[in-house]
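Trainee: Attaching a single structure in structure tokens format; questions to follow.
The values are calculated or read from the model by the stated rules, or taken from the named source; none is laboratory data. Note that this is a predicted model, so its numbers are computed, not measured. Virtual Cβ from ideal backbone geometry, glycine too; neighbours counted across all protein chains shown. Remember, those area values only see protein heavy atoms, side chains included, never the ligands or the DNA or RNA. Shrake-Rupley method; radii C 1.70, N 1.55, O 1.52, S 1.80 Å.
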Amino acid sequence: MKTRSRIFMAFLLVCAMFTSQGQDDNSTQMYWIHEDVVKPGMVPQYEEICKEFTTNIKEHNIQDMNFIVSNTLDNRYLWISPISSIADIDKPVFKDLAEKMGADNLNALFARMDKCYDIEHDYIIHLNKELSYMPGGITQTPEGQDYRKFHYFSYAPSNKDAVKQKAMAIKEMFEKKGSKLDYRTYQSGFGNRGGYYMVAIAAKDAADYEAKLTANNELMGTEWEMLYNEFLGTLTDYEVIEGWMRPDMAYSTK
């Protein structure tokens, strides 16, 4: 198996989905993210191979893998799995799968996948439950809401405390107003270039997202507009990326 194929799949090791087992602080959860930047012309082939990979895991009832997948409008595919520490990636997560489907077959599948992209990126982010707003309970995959908007708020290291204070003030305002707009806040970790908060908002589709945003702005009023502008003033950059969850590629034993 090629080296980058081993790296590509190593992140899939998990203890459990959407929990904080093994974390020093129950207000956070560490996630290993692998991004494949797929060539535009190779997207159909890449997705077919990924579904084949997931199908093999299901058919062979592999117990040591749980992961979710998201793809963005610019053809980046994010494979997402919680980990307790970076040391988790050293464990032989493909031993059972290779034995059951055959090592040669698994290597051949990865070789086909490698041809679909020239760029891949591995890094860690941390789900910050303290800064997330989901009154009904935090989940990365709200039922029936596979559409995503990922908001990236970048900041300078010297200003991280001020940014966090504003982020906390935003959550407190959402709680005070009884907002119906849920969001999860992630913070950049090892392997990222620069510091940022990523806020993920789920919806049924683009129209549902816009409706939720409009209703929230009307509920929150001018007080919200002022606070949000103050928050933006603490940042170095802001970017919004459209994406979708891919349950057809995901796998969970839970």
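Trainee: Could you work out the helix-only [θ] at 222 nm for the chain, with each DSSP H run of four or more residues adding -39,500 (n - 2.57) and the total divided by the number of residues, to the nearest 500 deg cm²/dmol?
Mentor: Helices in the chain give a 222 nm mean residue ellipticity of -11500 deg cm²/dmol.
Trainee: Mind sorting out which of (1) 18.5; (2) 17.6; (3) 19.4 is the real Kirkwood radius over Cα pairs in Å computed from the coordinates?
Mentor: The value matching this structure is (3).
Trainee: Among 213, 201, 236, flag the residue with its Cα farthest along the positive direction of the charge dipole of region 198-254, charges on Cβ as +1 for Lys/Arg and -1 for Asp/Glu.
Mentor: 201
Trainee: Computed over the Cα atoms of region 162-254, what is the convex hull's projected area averaged over all directions, in nm²?
Mentor: Orientation-averaged projected area of the Cα hull: 8.2 nm².
Trainee: Rounding to the nearest 20 debye, state how big the charge dipole of the chain is about its Cα centre with +1 on each Lys and Arg Cβ and -1 on each Asp and Glu Cβ.
Mentor: Taking the Cα centre of the chain as origin, the dipole is about 220 debye.
Trainee: With +1 on each Lys and Arg Cβ and -1 on each Asp and Glu Cβ, and nothing else charged, work out how big the dipole of region 117-254 is about its Cα centre, in Debye to the nearest 20.
Mentor: 440 debye
Trainee: Could you give the distance between the Cα centres of region 104-166 and region 25-54, to the whole Å?
Mentor: 11 Å
Trainee: Something else now. Quick one: accessible area per residue over the chain, 1.4 Å probe, rounded to a whole number of Å²? Please report the intermediate quantities before stating the final value.
Mentor: Values: 12360 Å² over 254 residues.
On a per-residue basis, 49 Å².
Trainee: Can you give the Rg and Dmax of region 97-216 based on its C-alpha atoms, in angstrom?
Mentor: Both quantities, over Cα of region 97-216: 18.9, 58 Å.
Trainee: Given a 1.4 angstrom probe, I'd like the percentage of the accessible area of the chain that is carbon and sulfur, rounded to a whole number.
Mentor: Taking all protein chains in place, the chain shows 52 percent carbon and sulfur surface.
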